[in-house]
Amino acid sequence: VAIRREDYRAPAYWIDTVDLTFDLDPAKTRVLNRMRLRRNPEVAAEPLRLDGDELNLARVLVNGQGASFRMEADQLIIDNLPESFELEIFTTCAPAKNTKLMGLFVSEDTFFTQCEAEGFRRITYFLDRPDVMASYTVTIRANREAYPVLLSNGNLVEQGQLPEGRHFAKWVDPFRKPSYLFALVAGKLVAREQRIKARNGKDHLLQVYVRAGDLDKTEHAMNSLINSIAWDEARFGLPLDLERFMIVATSDFNMGAMENKGLNIFNTKYVLANQATATDADYSNIESVVGHEYFHNWSGDRVTCRDWFQLSLKEGLTVFRDQEFSQDLCAEPSARAVKRIEDVRVLRTAQFPEDAGPMAHPVRPDSYIEISNFYTVTIYEKGAEVVRMMQTLVGRKGFERGITLYFERHDGQAVTCDDFAQAIADANPESELARLLPQFKRWYSQAGTPRLSAHGVYDPVQRSYTLSFVQSCPPTPGQPFKEPFVIPVNLGLLSADGRELPLQLAGEDAPGAGTRTLVLTHAGEQFTFVNVEAEPVPSILRGFSAPVILDHDYGEAQLLTLLAHDTDPFNRWEAGQRLALRAAIQAIEGPAAGPAEAPLGEAYLDAMRSLLRDPQLDAAFKELVLTLPSETYIAEQLDVVDPQRVHAVREAMRVQLATGLFADWERVYEQHRETGPYNPDPHSAGRRALAGLALVYLCLAARSSGDAVWPGKTLQRFKDAGNMTDRFNALNALVSSGHALAAQALASFHAMFRNEALVIDKWFSLQAGAPDRGGDILPLVKQLMKHPDFSLKNPNRARSVIFSYCSANPGALHRPDAAGYVFWSERVMELDAINPQVAARLARALDRWSKLAEPYRSAAREAIMRVASKPDLSKDTHEVVTRALAA
Ligand code: ARG
Ligand code: ZN
């Protein structure tokens, strides 16, 4: 049954206080829930309906008296209630059997909770919706030896011993919160602690809790937390409002992390790092995710969502905030640009396909069957782009004013995306955002990626240049027609030899320098620039100022100019991507029988060579430019996709880059291989990334030439490496070039890190995600699933093998014999019985089936139908596969 946004109604009751007492036992945990409720006078009287899921109900008391109640599906219903009353509910649950990892569950003998979005109802009966906010008091009782640490939200107010080797802790959260922000942790944990003094002079205790052996991997998370606190206060004036702020890591977690008030619970992947076990990418992800969850303390916890359709209110805003945080931590402007390019790459390789596929939904969806399915790249990453466009339209200072007004207005409330946009506009009444607000909000209501085509005409007589824009947006499920969007287009003009030209629109008295923002609002419109000395090269959508697909009929020479000279690093990178993409598409669409031997032209290779040699450019930027668009991104540009052809062409391009630039790769590797003592800062990380890419190409070149020197050097590098990034990059170079030495390196890698779960995940993932050669990956994946270290129940491990193959390795998944799809369908069904959220994620791997060429298309459809027809399929997976089949 679909839940619809338009059906929202305020709750019939409010819950003011909740007093929970837990008697923890993995097999049978007892939960006593005492609440004070009152009728919501603004809603007509109706019975109280409490949500529950997989609970055993023992007792219901109203004002201390046994009360009559009834059950309707999973809801507990009580009639004839007074205006205000005390309600006591006693239930039990079985955390050890909770493989869904929602509600209260056990991971490695420790209790954890995950309540967002609807997990609290698996702990007790409740009005489990974000607009019901209550004050929580939590008492935890458990065996002292097995569970020495007992944590919940807020402040520890009491603790002590109990008979029979048990003890207790009592926590009071000073802030009202919705149930999805409740958390409890109990087990054998140790903490890194840090006391800090905030700007206002208040003391705070910061703690990062992990298992005993992992304390040496918590320094970076702690530093990231300290930086996050300082940043939110400096940039937005938002201070830490708690005496104690805790982060706890668990190795069994469906998602990345969770922002429970004062007690963030994290996947170990986003907490644990030291130089021996974590890569630069891990360090950078930890910084982002620690920041993200901390920033939720304001954008999520202090101001939350009225209903789950507003999820992007907190997620889009908080992703935007974590992106800005990571950028602001960069010392160099070039590092900021690198971060922006990385963020856009995620958006375009993951969100654009979602927006074009069967699961397409607006940033503020209109309906859902299972809310867990809507923790998507659209809600998160596109939502962040919508917030970013607001900042572009009101300016950085104006945006900060808007954020201040938003929190002044709505502190302590559960609000909507409209409330957010209104606050930003109201704080900037003269802005384009205020002027265009109703139209701007189409970004919240209309799904699909807008296409923007631009066409420029130079008039040598008038010395004018006219840029015409036409925007459109394809139909998406339930939305056949779209109205025009407000699209901020950051624009610059370059001369043919690469100089930045002044910009003067017709009618303006004087030229302005550099980039300016054109605000598009119509299906078609034109801008004429005057005093343009010669035909310019337009640099459109600088910094990726709007989440659109830009079509412009750039000539190769123009793209080469942008690649060599654009002052905007994003568009410089983008020009290189466009050149590569073009070559790929030409080769893919070329004579089908012909081998795709050399898709890249000499001009492209020359440009890449000089870029690699440019001493002014940052290594991190070079690494991005020299990395080809992914198979997924290339496939999105095609109407009909032959994944094997895409794979073959991209592999041929990689070989060309490897052999055509061989001498340069040798030099680049030698120049960048040393980065001094390990430091994950962007500059050193960039050097390691470029050296790593060089090794990949050197090993690939060696593969075609049969030369053994570079694979040998790479193996040596693998052995000598002083940090995980260098070691893993060397291993990756051997594995991805399919060299015989890879087996030896893989075996020694496993032996070295057999007790480091997160590193073993990398070991699995690298193999399952390796380039396919003649169908060799699927048998390997099946082999890996038989490995003693494999487990389907641990989401990280399942992802490292199954998702690395099904969701991240198109060249290996799409087999002419359909065996990849059969494998996929079996795993989806198997996982569905254990953990529906993870299964539904995996189910999305075939979202784009209807674009596939035959025989893939029919075979993929058949596999989806097999999943859809399974009896007892979860709501989660059911929603994904039925939407896929409707495409
Ligand atoms: N709010 C969390 C975050 O973005 C994610 C929680 C996701 N939970 C879920 N059941 N899908 O930081
Ligand atoms: Zn979030």
Failed item in (1) in contact (Cβ under 8 Å) with a residue 12 or more places away in the chain; (2) surrounded by fewer than 19 Cβ atoms within 10 Å (Cβ to Cβ); (3) among the basic types (Lys, Arg), with Lys786 passing the rest: (1)
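Only one of Ala808, Ala798, Ala812 is hydrophobic (A, V, I, L, M, F, W, C), more than 16 Å from Thr632 (Cβ to Cβ) and at pLDDT 95 or above; which? Working first, answer last.
Working: Ala808 fails: more than 16 Å from Thr632 (Cβ to Cβ); Ala812 fails: more than 16 Å from Thr632 (Cβ to Cβ).
So the residue among Ala808, Ala798, Ala812 that is hydrophobic (A, V, I, L, M, F, W, C), more than 16 Å from Thr632 (Cβ to Cβ) and at pLDDT 95 or above is Ala798.
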When the residues of segment 702-727 are filtered to those that are surrounded by fewer than 23 Cβ atoms within 10 Å (Cβ to Cβ) and among the aliphatic types (A, V, I, L, M), which remaining residue is nearest to the chain's Cα centre (by Cα)? Ala721
Which listed residue is surrounded by 15 or more Cβ atoms within 10 Å (Cβ to Cβ), hydrophobic (A, V, I, L, M, F, W, C) and touching an Asp or Glu at 6+ places or on another chain (Cβ under 6 Å), from Leu693, Leu731: Leu693
Tell me which of these Ala273 doesn't satisfy, since it passes every other one: (1) in a loop (DSSP other than H, G, I, E, B); (2) farther than 12 Å from Ser224 by Cβ. (2)
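Taking the stated definitions as given, is Asn264 in a loop (DSSP other than H, G, I, E, B) and within 12 Å of ligand 2 (Cβ to nearest atom)? Even if it seems obvious, please write down each step before you answer.
Working: in a loop (DSSP other than H, G, I, E, B): no; within 12 Å of ligand 2 (Cβ to nearest atom): yes.
It is false that Asn264 is in a loop (DSSP other than H, G, I, E, B) and within 12 Å of ligand 2 (Cβ to nearest atom).
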So which of Ala685, Ala702, Ala652 ends up being within 30 Å of Ala221 (Cβ to Cβ) and among the aliphatic types (A, V, I, L, M)? Ala685
Per the filter on segment 379-431, residues of a type in the set (Val, Ile, Thr) and more than 20 Å from Thr517 (Cα to Cα) are Ile379, Ile403, Thr404, Val415, Thr416
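Could you tell me which of the residues Leu579, Leu605 is within 25 Å of Ala337 (Cβ to Cβ) and buried (at least 18 other Cβ atoms within 10 Å of the Cβ)? Walk me through it before giving the result.
Working: Leu605 fails: buried (at least 18 other Cβ atoms within 10 Å of the Cβ).
Selected residue: Leu579, the only one of Leu579, Leu605 that is within 25 Å of Ala337 (Cβ to Cβ) and buried (at least 18 other Cβ atoms within 10 Å of the Cβ).
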Name the pairs: first residue in segment 235-259 and within 20 Å of Leu215 (Cα to Cα), second residue basic (Lys, Arg) and within 16 Å of ligand 2 (Cβ to nearest atom), Cβ to Cβ under 8 Å, at least 6 apart or on different chains? Gly256/Lys269
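Per-residue answers, yes or no, for (1) assigned to a strand (DSSP E or B); (2) within 16 Å of ligand 1 (Cβ to nearest atom):
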{"site": "Ile196", "(1), (2)": "yes, no"}
{"site": "His204", "(1), (2)": "yes, no"}
{"site": "Asp214", "(1), (2)": "no, no"}
{"site": "His220", "(1), (2)": "no, no"}
{"site": "Leu240", "(1), (2)": "no, no"}
{"site": "Phe253", "(1), (2)": "no, yes"}
{"site": "Ile286", "(1), (2)": "no, yes"}
{"site": "Val290", "(1), (2)": "no, yes"}
{"site": "Asn297", "(1), (2)": "no, yes"}
Going through segment 308-328 in order, the residues found to be closer than 24 Å to Leu626 by Cβ and surrounded by fewer than 20 Cβ atoms within 10 Å (Cβ to Cβ) are Gln327
Any residue in segment 438-459 that is free of Cβ contacts under 8 Å to residues at least 24 places away in the same chain sitting within a Cβ distance under 8 Å of a residue that is part of a strand (DSSP E or B) and of a type in the set (Gly, Ala, Ser)? List the pairs, counting only those 6 or more apart or interchain. Val457/Ser468
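Inside segment 789-808, can you point out the residues that are within 23 Å of Arg857 (Cβ to Cβ) and surrounded by 23 or more Cβ atoms within 10 Å (Cβ to Cβ)?
Ile802, Tyr805, Cys806
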Single unsatisfied condition, Cys115 versus (1) more than 16 Å from ligand 2 (Cβ to nearest atom); (2) within 16 Å of Asp51 (Cβ to Cβ): (1)
Return the residues of segment 269-289 that are away from ligand 2 (no atom under 11 Å from the Cβ) and touching a strand residue (DSSP E or B) at 6+ places or on another chain (Cβ under 7 Å); say none if nothing qualifies. Tyr270, Val271, Leu272
In a loop (DSSP other than H, G, I, E, B), surrounded by 15 or more Cβ atoms within 10 Å (Cβ to Cβ) and either free of Cβ contacts under 8 Å to residues at least 40 places away in the same chain or of a type outside the set (A, V, I, L, M) (or both): is that true of Thr632 in this structure? no
Scanning segment 315-348 for residues that are among the polar types (S, T, N, Q) and farther than 22 Å from Gln616 by Cα, the one nearest to ligand 2 (Cβ to nearest atom) turns out to be Thr318
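Let's see how each residue does on (1) surrounded by 15 or more Cβ atoms within 10 Å (Cβ to Cβ); (2) farther than 23 Å from Leu560 by Cα; (3) in contact with a strand residue (DSSP E or B) (Cβ under 8 Å, 6 or more places away or on another chain):
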site	(1), (2), (3)
Pro480	no, yes, no
Gly507	no, yes, no
Thr528	yes, yes, yes
Val537	yes, no, yes
Top-ranked residue in segment 141-175 [being part of a loop (DSSP other than H, G, I, E, B) and of a type in the set (Gly, Ala, Ser); ranked as surrounded by the most Cβ atoms within 10 Å (Cβ to Cβ)]: Gly154
How many residues of segment 365-380 are within 16 Å of ligand 2 (Cβ to nearest atom) and within 15 Å of Leu313 (Cβ to Cβ)? The answer is 7
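Check Ala331, Ala281 and return the single one that is surrounded by fewer than 22 Cβ atoms within 10 Å (Cβ to Cβ) and within 18 Å of the chain's Cα centre (by Cα).
Numbers: Ala331 fails: within 18 Å of the chain's Cα centre (by Cα).
One residue alone meets the criteria, Ala281.
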In segment 48-104, what count of residues is obtained for those that are in a strand (DSSP E or B), loosely packed, with under 13 Cβ neighbours inside 10 Å and of a type in the set (D, E, K, R)? 3
I'd like the residue in segment 368-382 that is among the polar types (S, T, N, Q) and more than 8 Å from ligand 1 (Cβ to nearest atom) and, out of all such residues, is nearest to Phe352 (Cα to Cα). Thr378
All-but-one check, His410 against (1) within 18 Å of Phe236 (Cβ to Cβ); (2) surrounded by 23 or more Cβ atoms within 10 Å (Cβ to Cβ); (3) in contact with a strand residue (DSSP E or B) (Cβ under 6 Å, 6 or more places away or on another chain), failing number (2)
Verdict on Gly357 being surrounded by fewer than 22 Cβ atoms within 10 Å (Cβ to Cβ) and farther than 23 Å from Ser224 by Cβ: yes
What residue, of Glu116, Glu88, Glu83, is under 41 Å from the mean Cα position of the chain (by Cα) and farther than 30 Å from Pro795 by Cα? Glu88
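Okay, residues lined up against (1) in contact with a Cys (Cβ under 9 Å, 6 or more places away or on another chain); (2) of a type in the set (S, T, N, Q); (3) closer than 27 Å to Glu589 by Cα:
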residue: Arg841; (1), (2), (3): no, no, no
residue: Ser850; (1), (2), (3): no, yes, yes
residue: Glu854; (1), (2), (3): no, no, yes
residue: Ile864; (1), (2), (3): no, no, no
residue: Asp872; (1), (2), (3): no, no, no
residue: Glu879; (1), (2), (3): no, no, no
residue: Arg883; (1), (2), (3): no, no, no
residue: Ala886; (1), (2), (3): no, no, no
Counting only residues that are touching an Asp or Glu at 6+ places or on another chain (Cβ under 7 Å) and not aliphatic (A, V, I, L, M), which one in segment 305-331 is nearest to Gly383 (Cα to Cα)? Gln323
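The values are calculated or read from the model by the stated rules, or taken from the named source; none is laboratory data. None of these values were measured; they are calculated from a predicted model. Every residue, glycine as well, gets a Cβ built from its backbone with ideal geometry; the counts of neighbours run over all protein chains shown.
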